[in-house]
Amino acid sequence: MKDILLPVAHVFALVMMVFAATMLAPLIMAIWGLDEALNSFIISALATFVLGALLWLATRRFKRELKTRDGLMLVALTWVALPAVAGFPLWDYLPINFTDAYFEAASGLTTTGGTVLSGLEHLPRSIGQTAKLLWAVYTGLTAACIVFLRFAGMSWFDAVCHGFSALSLGGFSTYDASIGHFNSLPIEMVLTGFSILAALNFATHFLAWSQRGIKAYFRDAEAKAILGVLAGSCVGVSLFLFFKGTYPDYPTALRDTVFNLVSIATDSGLHTQDYSRWPIFAPMWMMFLSCLVASSGSTGGGIKMIRTLVLAKQAHRELNQLVHPNMVRPLKVGGTVIANRVVFAVLAFVFLYFMSIVTLIFLQLASGLDFMTSFSAIIACINNAGPGLGLVGPGSNYGVLNDFQTWVCSAAMLLGRLEVFTILVLFTPTLWRK
């Protein structure tokens with residue numbers, strides 16, 4: 001066991017030191033604004049770097065080339081441990097316990113966007129944008145989003161925070177009312193557009209940029225499916241809300257539907273309305289879409305559209321096979337033949353995904369939480385979508401949960417971001433055999 005763990009610990013030590021360096025951004029923000037949270041960030045960054053350095057020195061003689069098993073352990077260890085580090089400034093500065101601090105940090109790092117905090121507009125600026133600055137890797141689109149938001153009416157600070165949040169589909173806002181605080185159609189249009197871009201495959205964006213055109217999007221089966229589902233859902237749900245009398249006129253129904261549905265479906269989590277008050281079909285359809293509407297190679301969560309397409313094609317092939325047992329037809333998505341082993345892997349993933357959801361929902365129910373809150377909280381967390389329904393709807397936050405329920409949601413976020421396999425494989429006996 002020592003031969004397995006110590007080489008992984010050596011690499012993890014380097015990860016800790018690099019992670020400490022990423023805290024320079026909020027640290028600079030704290031220094032620049034003479035922020036009250038400055039000491040918390042200094043302590044956290046220094047402690048993380050020192051602990052990482054000491055661990056690296058203690059394990060350097062165990063350095064070796066990592067194997068697949070080591071990589072799986074390293075990824076899981078990193079995602080489980082780093083929220084504790086990132087959450088320290090929150091725990092140290094704010095009147096919250098370690099459980100809530102861990103949840104808040106995990107929510108930011110996994111780009112979920114669920115929060116236990118209220119009074120966001122009154123927090124120090126370094127606390128308001130930490131999670132967004134940590135994983136702002138999509139520089140070009142993020143910069144464009146920031147500029148568009150600034151010209152749409154946001155201050156530079158709000159534009160930077162929401163720009164990072166939009167491209168990471170992180171869902172964090174600097175206001176309790178989220179985007180509803182601004183009541184601005186131009187801001188909603190900008191964020192809707194960039195949320196859709198963030199939900200698409202970034203390799204497709206690269207191809208479109210390098211080819212100086214949009215043909216790459218029409219050749220991408222995922223992109224076409226995502227855009228089609230979103231367009232149809234926005235029209236259908238807005239008409240549903242209008243005819244149900246939720247809105248007095250269709251343009252208002254369409255405006256609120258488009259922003260909130262796209263945000264939840266793409267796992268962004270920003271909102272303008274308390275959609276939990278809408279007729280139940282609408283918010284439940286939005287939660288369902290959060291399981292599907294994100295592309296592979298994007299910042300979104302859930303099953304991903306490519307797996308949905310593979311399952312749909314496989315179901316169609318099985319139906320045809322019943323009618324023509326001797327028929328041989330390869331499964332194709334977007335003109336590409338999908339190998340049977342990939343189909344089996346997708347089936348296994350979807351089974352484990354839904355079994356994880358069922359297990360976590362039952363844990364929440366056993367803790368005394370009502371069904372709607374349990375169901376929606378787990379769906380929102382495992383899809384990294386942000387707010388749920390019931391007690392954790394957009395009109396409230398996850399601060400209403402007790403410690404056990406919060407830890408279950410934290411586990412759901414990590415399972416979702418690591419796509420289930422990476423965590424569950426650690427519990428298989430074959431992984432630990434030499």
Quiz item: Length gain on complete extension for the stretch residue 53 to residue 147, per 0.36 nm per residue less the alpha carbon to alpha carbon distance?
Solution: 30.0 nm
Practice problem: Run the quick spin-label model on residue 296 and residue 345: label points 7 Å from Cα toward the beta carbon, then report their separation in nm to one decimal. | Solution: 0.7
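Just how large is the dipole of the chain about the Cα centre, in debye to the nearest 20, putting +1 at every Lys and Arg Cβ and -1 at every Asp and Glu Cβ?
The dipole of the chain has a size of about 1960 debye.
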Exercise. Treating only the Cβ atoms of Lys and Arg (+1) and Asp and Glu (-1) as charged, compute the dipole magnitude of segment 223-280 about its Cα centre; round to the nearest 20 debye.
Key: 120
Quiz item: Carbon and sulfur atoms: what percent of the 1.4 Å accessible area of segment 329-370 do they account for?
Solution: 71
Self-check item: GNM flexibility winner over the chain from 300, 171, 71 (Cα, springs under 10 Å)
Solution: 71
Quiz prompt | segment 276-428 pair-distance distribution - Cα-Cα, 10 Å bins, rounded % | solution = 10, 35, 30, 17, 7, 1
Practice problem: Would you work out which of 299, 351, 180 lies farthest towards the positive end of the dipole of the chain? Charges go on Cβ: Lys and Arg +1, Asp and Glu -1. | Solution: 351
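Count the net charge of all other residues whose Cβ sits under 14 Å from the Cβ of residue 396, scoring Lys and Arg as +1 and Asp and Glu as -1. Intermediate results must be reported in sequence, preceding the final value.
Numbers: positive: 277; negative: 176, 274, 370.
So the environment of residue 396 carries a net charge of -2.
Just the accessible area per residue of the chain, please: how many Å² with a 1.4 Å probe? Show your work: numbers first, answer last.
On the way: 19750 Å² over 434 residues.
Per-residue accessible area for the chain comes out at 45 Å².
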Quiz item: Add -39500 (n - 2.57) for each DSSP H run of 4 or more in the chain, then divide by its residues: what number comes out at 222 nm, to the nearest 500 deg cm²/dmol?
Solution: -20500 deg cm²/dmol
Practice problem: Report the residue, chosen from 17, 189, 327, that carries the largest GNM mean-square fluctuation when the chain is represented by alpha-carbon nodes joined by springs under 10 Å. | Solution: 327
Exercise. Taking Cα extents along the principal axes in Å as the quantity of interest, determine which of [x] 60, 59, 44; [y] 96, 56, 36; [z] 64, 57, 54 was computed from the displayed structure.
Key: [z]
Self-check item: Point-charge dipole on Cβ atoms (K/R +1, D/E -1) for segment 321-434, about Cα centre, debye to 20
Solution: 640
Quiz item: In this model, which of 244/332; 215/244; 67/304; 67/224 are farther than 32 Å apart at the alpha-carbon?
Solution: 244/332; 215/244; 67/224
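In whole percent, how big is the carbon plus sulfur part of the accessible area of segment 250-314, probe 1.4 Å, protein atoms only? Don't skip to the end; give the middle numbers.
Working: 1290 of 1930 Å².
Within segment 250-314, the accessible surface is 67 percent carbon and sulfur.
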Self-check item: Burial order of peptide ranges 222-234, 372-384, 156-168, 313-325 (average beta-carbon count within 10 Å, highest first)
Solution: 372-384, 156-168, 222-234, 313-325
Quiz item: Is segment 387-431 best put as rounded, prolate or oblate by its Cα gyration tensor, with a ≥ b ≥ c the root eigenvalues, rounded for a/c under 1.5, and otherwise prolate when a/b is larger than b/c, oblate when not?
Solution: prolate
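The values are calculated or read from the model by the stated rules, or taken from the named source; none is laboratory data. Just so we're clear, the structure is a prediction, and the values are computed from it rather than from any experiment. When we count neighbours, we look across all protein chains shown, and the Cβ atoms used for this are built from the backbone with ideal geometry, even at glycine. Protein only, heavy atoms only, side chains kept; ligands, DNA and RNA dropped before computing areas. Shrake-Rupley method; radii C 1.70, N 1.55, O 1.52, S 1.80 Å.
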